[in-house]
Amino acid sequence: MEEGLVSVDRFCAGSQAYFLTHLHQDHTRGLASAGGWRHGPLYCSPITARLLPSRFPGIDASHLRPLAPGASASLSLSSLTSGRPLSLRVTAIPALHCPGSLMYLFRGDLGCMLYTGDFRWELGCDRARRAKQALLDALGGDTVDLLYLDNTYCHPSLNFPPRPVVAEQIVNIIRAHPDHEVIIGVDTLGKEDLLLHISRALQTKIWVWPQRLLTIHLLGIDENHEIFTTQTSLTRIRAVPRYSVTIESLEALNTVCPTIGIIPSGIPWLWKSGEGKGKPKGRSPAKSVRCKGRDEGLIEMDFDPLSPPKLFDKDSYTLPYSEHACFSELEDFMQTVRPSTVIGIVSTSFCYVNPRHHFRHLCSDNDDGTPTKNKGRDTDNLTPKRKQNGSATPEERKVRISSSSLYRSKVKRKRKEGCGARIDDTEELIGIA
């Protein structure tokens, strides 16, 4: 089997260049290998490059290749099967998922491929409009042959309000509980804008754990220490690791003083069909839909975008402050890109929402587009039809995509995921479709 040429969010030996979309744990597996990262050049945003040493102290900084949003880099690769040189040009596009997050547009001898990673381009957002224009400028009229799409919320029932709207809803909930301690579940990176909005609206400091405070300062936020603190006595609002907001922890805190928990995320709206453990306690679904998954199983989705419900019990709220694109935003993105074919980058142990199910009419390739499982291997192989465009060479090549599965845990557990893709070169050639 031919080893990979380029890997995105997948870090194991065998590729000639590596790309990191952002620093969330599910996208960095393999970077903490023994002895530090030494497998090859690692491209990422300047913000990610600044944060990496604090997350992975053993990483060899000489391998880092910071790529600013809108910037491009040329790659000279070599086919291990034929020995032929291959050229790729990669352009970084703002993903607006969390600080430092990027999409990668690859153009050259392998055609034109776009890997979104996790992203959210909200409709009507100025930053999203600028990012969209940057992508169109980089494409220069070319067709995206293969799109890897963030399909986390790829279902018509999942249309979240813009983040600023949900941020104000969270402020209102906190105001409605003036005598309560407040814990907000967040990740190790991301939702800084939400915390800043809460602090400014309520004129209060916010407690964060020490590692989180280091990340905030590395991002250049609150350098004067006016907003965030590690002293619990200075504020009633605490931002804590998301997985620590559980029924048990809230019950324990309420034995000491009145406390509410807030989980700003779209994730709690999903649960596995047939397993009551994942359903909100004491509340019937506001809206439930059933959809086919990758393995023809069914999942149930619970979502009421108009009235954020309580989660678990009276002490905890969940609101759809999502850093992933909702369905209407995914549809708008597909209408902008109109790729030949599309693959979802997120799968779970119980569901793979194939974006072609909803967006086939926006793809120029009429094939089904579902990756075919290669017997005896741990990878998915796809040979998309290719359209001739400015980035393709006369001799089109087969592309093999290797993507690992993603496991999404229940809300009260730490999220454990795997994702990524590897672009491999093979000896077999295909003609222009």
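Side notes on the structure shown:
- G344 long-range amide H proximity, modeled H, under 5 Å: L149
- Across every direction, the projection of the convex hull enclosing the Cα atoms of the stretch 133-279 has a mean area of 12.7 nm².
- Here the alpha carbons of the stretch 1-111 define both size measures, Rg and Dmax, at 13.7, 40 Å.
- Stretched out straight at 0.36 nm per residue, the stretch from Q203 to V165 would grow longer than its current Cα-Cα span by 11.8 nm.
- Over all other residues within a Cβ to Cβ distance under 13 Å of L123, the charged ones net out to 0, with Lys and Arg as +1 and Asp and Glu as -1.
- Taking amide H atoms as placed 1.01 Å from N in the peptide plane, the amide H of L86 lies under 5 Å from those of L77, S78, S79, each 5 or more residues away in sequence or on another chain.
- Stretching A68 away from T188 to a fully extended chain increases their span by 41.0 nm, per 0.36 nm per residue minus the current alpha-carbon distance.
Every number in this text was worked out from the coordinates using simple rules, so none of it is lab data. What you are looking at is a predicted structure, and each value in this text was computed from that prediction instead of being measured. Positions of Cβ are backbone-derived with ideal geometry, glycine not excepted, and every protein chain shown enters the neighbour counts.
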